[in-house]
Amino acid sequence: MFQFTAQSRRVQVLLQFLRGQANKRATFLEILTHLNEQLPLLEQKKISRRTLEGDLQFIREDLGLNLKHVNISRRHSYQLMEIDGIQAELKQDVESLMLHQLAKNLGLEHYPNNSSAASTLESVLSFSFSALDDGGKAMTLAKDIVQSIFEQEAIQFWYKPIHTTYRSKLQIVAPLQVKFYDGRFYLVAVDYKDNSEDQFKRTIKIFAFDMIEDYVIAPAQLESEEGTSTSIRTIHFHHADLAHKVGLKDYFKHCLGVARFKDSEPEYIRIKFTDWAMSYVRERLLHRSQRIVVDHPNYMVAELYIYRTYELDMLLARFREFGVEVK
């Protein structure tokens, strides 16, 4: 139980300070300086760095608040991530939303919405995804991104692609969508270009959640000089307009997964399946464009209209010699 101890008073001052800062974010030194200015006014002693570290840990672990250590433009800060404006259903865990979607797809969208019914539903619908076995980091990041989408705020984060040895690169983007495919979460976004009227590029980029450094994002901000003072503003965008400009609605129509190469065109690709792979492909569509063009007792040929990407190679590797591309 949270009681008005010396620590609780410090925590109240600390949280009030963070909530009053731009994006609820401040550096460790800024927090320490503020506390040591305010605590004597409350007849409290000044504190050390070690005491503040303990208070920050108390906020995260005992109070259960989402206080993140973020690194923005190589400036280490603590940011209080609260979701005051997000829609009520998004405060639920992503697992609950997935369960609801599964129920809806099974025609159970009118299933009674109470705790007893929910418990029964969870006992008869069971699913497991490796992307959810990360201590809740991906789900928290999904909520943060969706909140930014609703608030139409650009975000920034450090990203290191899996296929490169280069250092992480700072990304500034307009988030458009959170996508879940083949056990992984992805951010669908558009790059920030410059502070002009047409400030975002016209090309969609895909970012895997597990390649985002520390699973942390923050609002993207601009600094501008106004006389002798400096003002900071968050970069905003119009989600519907930008999604329309980049063709988000049909972007993944011919994708086997989430990837497609720049300036590439979809093509008809035929794959010959034998043995156990025949029944697997017949019962489970590999892509919405799939159609059976040859149906022989000993083999079958399926045709897909998709972009040729590395995900096609990964798909064929799963079938080994029982799924081979044919011309």
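Per-structure values
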| quantity | calculated |
| --- | --- |
| Pairs from Lys249/Lys272; Lys160/Lys205; Lys201/Lys262; Lys68/Lys249 whose Cα-Cα separation, in the structure shown, is over 24 Å | Lys249/Lys272; Lys68/Lys249 |
| Distance between the stretch 176-220 and the stretch 1-71 - C-alpha centres, whole angstrom | 31 |
| For the stretch 6-80: rounded, prolate or oblate by the Cα gyration tensor [a/c cutoff 1.5] | prolate |
| Potential lengthening between Thr33 and Arg282 on full extension [0.36 nm per residue; Cα-Cα distance subtracted] | 83.0 nm |
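Rule-based calculations on the coordinates, nothing more; no lab input. Because the structure is a prediction, the values reported are computed rather than measured.
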